[in-house]
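Trainee: Just passing along the structure, written as structure tokens.
The values are calculated or read from the model by the stated rules, or taken from the named source; none is laboratory data. Model, not experiment: these values are computed from the prediction. Backbone-built Cβ (ideal geometry, glycine too); neighbour counts: all protein chains shown.
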């Protein structure tokens, strides 16, 4: 997936995962359980990293294609391109990566 948006510093563009409405067995998943899925997404593109006071860059610790878990309110900024809505967030909003 190619986007024209290029984040700066330690920002990244994340495509939020759609919450599952049913389990593998076809059981409906309640909305309260779906809320946990709303905090997951795939990293689409990252910035170069935060600039330190000495002029060096702190490298990013997440990479394009990583599935990440982010804090609840970090996805408040959005970016739309090609009919797809992405979340724009900072590296500090990422709580961890999820092995796929």
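Trainee: For segment 40-68, how many residues meet the condition of being part of a loop (DSSP other than H, G, I, E, B) and more than 12 Å from residue 89 (Cβ to Cβ)?
Mentor: Going through segment 40-68 one residue at a time, the tally reaches 14.
Trainee: Could you list, in sequence order, all residues of segment 30-39 that are in a loop (DSSP other than H, G, I, E, B) and either surrounded by 14 or more Cβ atoms within 10 Å (Cβ to Cβ) or modelled with pLDDT of 95 or more (or both)?
Mentor: Passing the criteria: 38, 39.
Trainee: I'd like the residue in segment 63-96 that is surrounded by 14 or more Cβ atoms within 10 Å (Cβ to Cβ) and over 10 Å from the mean Cα position of the chain (by Cα) and, out of all such residues, is nearest to residue 11 (Cα to Cα).
Mentor: Taking the candidates together, the pick is 79.
Condition check ((1) in contact with a strand residue (DSSP E or B) (Cβ under 9 Å, 6 or more places away or on another chain); (2) under 16 Å from residue 96 (Cβ atoms); (3) modelled with pLDDT under 95) across all residues:
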position	(1), (2), (3)
20	no, no, yes
25	no, no, yes
41	yes, yes, yes
44	yes, no, no
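Trainee: I'd like the full set of residues that are free of Cβ contacts under 8 Å to residues at least 60 places away in the same chain and either closer than 14 Å to residue 39 by Cα or part of a strand (DSSP E or B) (or both), limited to segment 69-84.
Mentor: Answer for segment 69-84, where residues must be free of Cβ contacts under 8 Å to residues at least 60 places away in the same chain and either closer than 14 Å to residue 39 by Cα or part of a strand (DSSP E or B) (or both): 69, 70, 71, 72, 73, 74, 76, 77, 78, 80.
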